[in-house]
Amino acid sequence: MKYARPDTHILTGLYPTDRNDPTSENTAIEYALPDGFSEKAKACWDYFEGAAFLFSYKGQLVMTDESLYLTEHGDGSHEAPFGAPRGTFDTWDEVEAFLEEVYDELKEDDML
């Protein structure tokens with residue numbers, strides 16, 4: 001498993017969706033936030049509790065919201081509404097940096 005590391009934990013119970021490749025969506029592995037992340041990243045993740053999830057999927061880390069969409073899909077029309085993950089990342093360091101950046105934005109907007 002590409003994204004396994006000593007301070008990561010695999011979670012189970014969520015069923016993410018890939019509207020572009022539904023036969024592969026069951027290969028996604030859900031991860032908890034690694035224990036070794038910075039306090040800022042952990043605080044941001046705690047802020048999004050129940051509204052952000054991390055999956056290893058098709059060679060990337062995918063952060064979803066409550067929709068659990070693993071890939072972008074749709075064109076925004078009524079027949080094909082747009083959906084997408086919060087972000088995709090190649091490394092845990094990118095996930096941590098993203099969360100720290102979002103933390104700073106939330107702090108600046110007095111949301112934390």
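Among ALA28, ALA84, which is modelled with pLDDT of 95 or more and surrounded by 13 or more Cβ atoms within 10 Å (Cβ to Cβ)?
ALA28
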Any residue at all in the range 48-55 that's more than 22 Å from TYR15 (Cα to Cα), over 10 Å from the mean Cα position of the chain (by Cα) and not in a helix (DSSP H, G or I)? no
Counting only residues in the range 8-25 that are under 26 Å from GLY74 (Cα atoms) and hydroxyl-bearing (Ser, Thr, Tyr), the one surrounded by the most Cβ atoms within 10 Å (Cβ to Cβ) is identified as THR17
GLY59 closer than 19 Å to MET1 by Cβ and among the small types (Gly, Ala, Ser): yes
Quick one: which of ALA41, ALA32, ALA28 is more than 18 Å from ALA97 (Cα to Cα) and hydrophobic (A, V, I, L, M, F, W, C)? ALA28
Take the residues of the range 89-101 that are touching a residue at least 40 places away in the same chain (Cβ under 8 Å), under 20 Å from LEU70 (Cα atoms) and touching a helix residue (DSSP H, G or I) at 6+ places or on another chain (Cβ under 7 Å): which is surrounded by the most Cβ atoms within 10 Å (Cβ to Cβ)? LEU99
Flagged in the range 67-80 as out of contact with any His (no Cβ under 9 Å at 6 or more places or on another chain) and either surrounded by 11 or more Cβ atoms within 10 Å (Cβ to Cβ) or basic (Lys, Arg) (or both), in numbering order, are SER67, LEU68, TYR69, LEU70, THR71, GLU72, HIS73, GLY74
Matching residues in the range 49-77 - criterion: being more than 17 Å from TRP92 (Cβ to Cβ) and not charged (D, E, K, R): GLY50, ALA51, SER67, LEU68, TYR69, LEU70, THR71, HIS73, GLY74, GLY76, SER77
Is it true that some residue in the range 74-88 is polar (S, T, N, Q), under 21 Å from ALA28 (Cα atoms), in a loop (DSSP other than H, G, I, E, B) and touching a residue at least 12 places away in the same chain (Cβ under 8 Å)? no
Pairs, please: C-beta under 8 Å, at least 6 apart or cross-chain, first residue of a type in the set (Val, Ile, Thr) and in the range 42-62, second surrounded by fewer than 16 Cβ atoms within 10 Å (Cβ to Cβ) and part of a loop (DSSP other than H, G, I, E, B)? none
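The values are calculated or read from the model by the stated rules, or taken from the named source; none is laboratory data. Keep in mind that this is a model prediction, so the values were computed, not measured. Counting neighbours? That spans all protein chains shown, and the Cβs are built from the backbone with ideal geometry, glycine included.
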